[in-house]
1. I'd like to know which of B:Phe127, B:Pro281, B:Thr234 lies farthest towards the positive end of the charge dipole of segment B:120-354, counting +1 on Cβ of Lys and Arg and -1 on Cβ of Asp and Glu.
2. Using only DSSP helix segments of four residues or longer, with each worth -39500 (n - 2.57), what per-residue ellipticity at 222 nm results for chain B after dividing by its residue count and rounding to 500?
3. If one computes the Cα centroid of segment A:124-139 and of segment B:212-256, what distance in Å separates the two points?
4. Rounded to a whole number, what % of the accessible area of chain A do carbon and sulfur atoms account for, probe 1.4 Å?
5. Using alpha-carbon positions, what is the distance between the centroids of segment A:96-113 and segment B:175-194, in Å?
6. Am I reading the A/B interface right? What is its buried accessible area, both sides, 1.4 Å probe, to the nearest 100 Å²?
7. What is the mean projected area of the alpha carbon convex hull for segment B:284-360, to one decimal in square nanometres?
8. Within 10 Å of each Cβ in peptide B:261-274, how many partner chain Cβ atoms are there on average? Round it to a whole number, please.
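The values are calculated or read from the model by the stated rules, or taken from the named source; none is laboratory data. Treat the numbers as computed from the prediction; the structure is a model and nothing was measured. We place every Cβ from the backbone using ideal geometry, glycine too, and count neighbours over all the protein chains shown. With ligands, DNA and RNA removed, areas are computed over all heavy atoms of the protein, side chains included. Shrake-Rupley method; radii C 1.70, N 1.55, O 1.52, S 1.80 Å.
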Amino acid sequence: MSIPATETGLRETPERETVLAVKDLEVGYLAKRGIVHAVRGVTFDLKEGETVALIGESGSGKTTLGLALVRLLPGSARVTNGEILFYTESGEEIPVTKLNDEQLRRFRWQECAMVFQSALNALNPVMRIRDHFKDTWKAHVRANGSKGDASERNVTARAMEALRLVQLDAERVMRAFPHELSGGMRQRVMIALGLLLRPRVLILDEPTTALDVITQRAIIEVIRDLRKKLSFSMIFISHDLSLAAELADRVVTMYAGRVVEIADIKDAFYHPRHPYTVGLLRSVPTLVGDRQELASIPGSPPDMIDLPSGCKFHPRCPYATDKCRMEEPPLIEVGPGRGSACWHWEKVGADWEAGTNE
Amino acid sequence: MAVLEQGQVVPEPQVGFLVIAKRVVRNYWLLRILRALFTVWLVATLTFFLIRLMPGNPVEVYVQNLVTQQGVPYPQALQLAASLYNINLDEPLWQQYFSYMGAMVHGDMGTSIIQQGVPVMQIVLTFLPWTLFSVGLGLIISFLLGMLLGIFAAYRRESVFDHFVTNFSSLLHAIPNYIIAILILVYAGVQWHIIDITAMRGTLSPGVQPSLSLGFVKDALYHAALPIATYVITTIGGWILAMRASTESTLGEDYVTVAKARGLRERRIALAYVGRNAALPLFTQLTLSLAFAVGGSILIETIFVYQGLGLTLQNSINQRDYPVMQGILVIITAVVVFANLIADVLYGFIDPRVRVQGKE
């Protein structure tokens, strides 16, 4: 069960509806030295019921991208180009970048919920868990009037159900204050809170980073379990390829604010076509297959204000040629539904296949 | 640790007193009350000896008056004085101290020297409510208004409103309260004739009796207006600055970002998520400021001739009315100490993280 999703047939098929489409999105932060180009022309989409993993090092722009999807970017950030389109169950198109404050408020959590990496501090310390659920419920249900009524009993029942889904003792947790719960429990509460309104999309931004290994495991199990029981699409942001492997159907690899590779989970793992993905795979040990020498990617992520010319990965890339130094490669289609932003993807692929077959 | 100690069956071979002592030490609130009583006792003792170190002993002055002006023989004059003040002057100071303390435990703080025969307790009870009323109302207004302005300033960081409020707050914060009181008196009262300071003197207009009528409340507020305004003006700057800083750091908390992500309404976030958490550290300061405000009332009440405890204390110091001075100081101390104690209890309700379970 290490890669379950692909085996259940959740591959990209043409008839599956798109829930979220990101088109040529650019986000920059205004800094004293200049503009930090955190996200530079990212395009990808999310299908119904699908899980996409956003993978990349710290500073690759993956969290910025996640925050941009619900427009929670800090004040110094600017969306300079591109659009984010969200499709509701009834087929309505929501242009997230163009919503006004009230429309945005209703869109958040109702259509697209987000679980953050800061599990320990995500809940208001002076409020009981019960009141967090009530607040969330009241903020949306009363405004719409469509998703049921805001009566006390209704909220409690829904909240309890959500808490049981994440395998918590609902009765006790509802009464508790955040400080009375462990980190893992708090993160489960956040996931339950995220599912309260049954959103179409759930974004998980490194949901396990603040937790210890055993708790991480439990959270991943909970998420996997939920994916089976409920139908929602998921964007899983992580720097951990092995976690992504357990949950994702597709992997979007990001480097220096750009998508460098989009591939099916199996392809990303077993047939990478970008030297950066190769580097990431070589830097983590595998449980299956032969023991390999672990290799870290030389160098460090680029300066996001003063980016290198051409392909942004070229200073760290063993395949770099003059062309790479001059010209930034677009996302080249290297197979059905997959792309790689590398001039030498064929050579990279051939070398990888040769390397693993040795 | 408490759980561990309760869970274990620890053999306790100590004798009764030690067991009780241990229980007392472990009971947080009992300990807090004992500590509060200790503070009151300490202050009572210190003031008892300190005020007797002040130059100009009124008892001697009184005795001298009796001897020189009325021809009363010296031993008889001493006896007269002793019976009046309920102090045996032949006793060494420490014996006077013990009899004073013994009486105080029974609620008897002696009688005034100047208003002969009037119990100190009666004087205190007459004037204390007025001081508590004016100081308390001033503090509450200043606290609430300051928090509100502080939140606004933090929400509109770097705006004109923020710059104005912040700079003005720093200015107000730096001016001592008696200067403000004098400025009000000189300019608003004397130079510009905006307010009738003579009519506003005292605590009530002549003929108005304490009752639960609107007229009484209005009259009480009218007379307390200037002291209250002074307390508000001099303390609000501190509250604004504290609340602004606290709000600013709370706005950066993850739970605020998450609340936005949850699509909560902006007003709900500002009140229940930002405001409530930002206000927590200010409650601790509120209890501290109470002590300052009560202390400051001495000068303010004197300036505005508001007949509260502060003015009475000022008069008793001028007249060297030892028992009244002593009594007022002890009562003020007790009020502040127990206000702190109550604030601690209330803090547990505001912040669930510090709710005490038999331990600190």
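1. B:Pro281
2. Dividing the helical sum by the residues of chain B leaves -23500 deg cm²/dmol.
3. 29 Å
4. Working: 8000 of 15720 Å².
That share works out to 51 percent.
5. Answer, in whole Å: 54.
6. 2100 Å²
7. 6.4 nm²
8. 6
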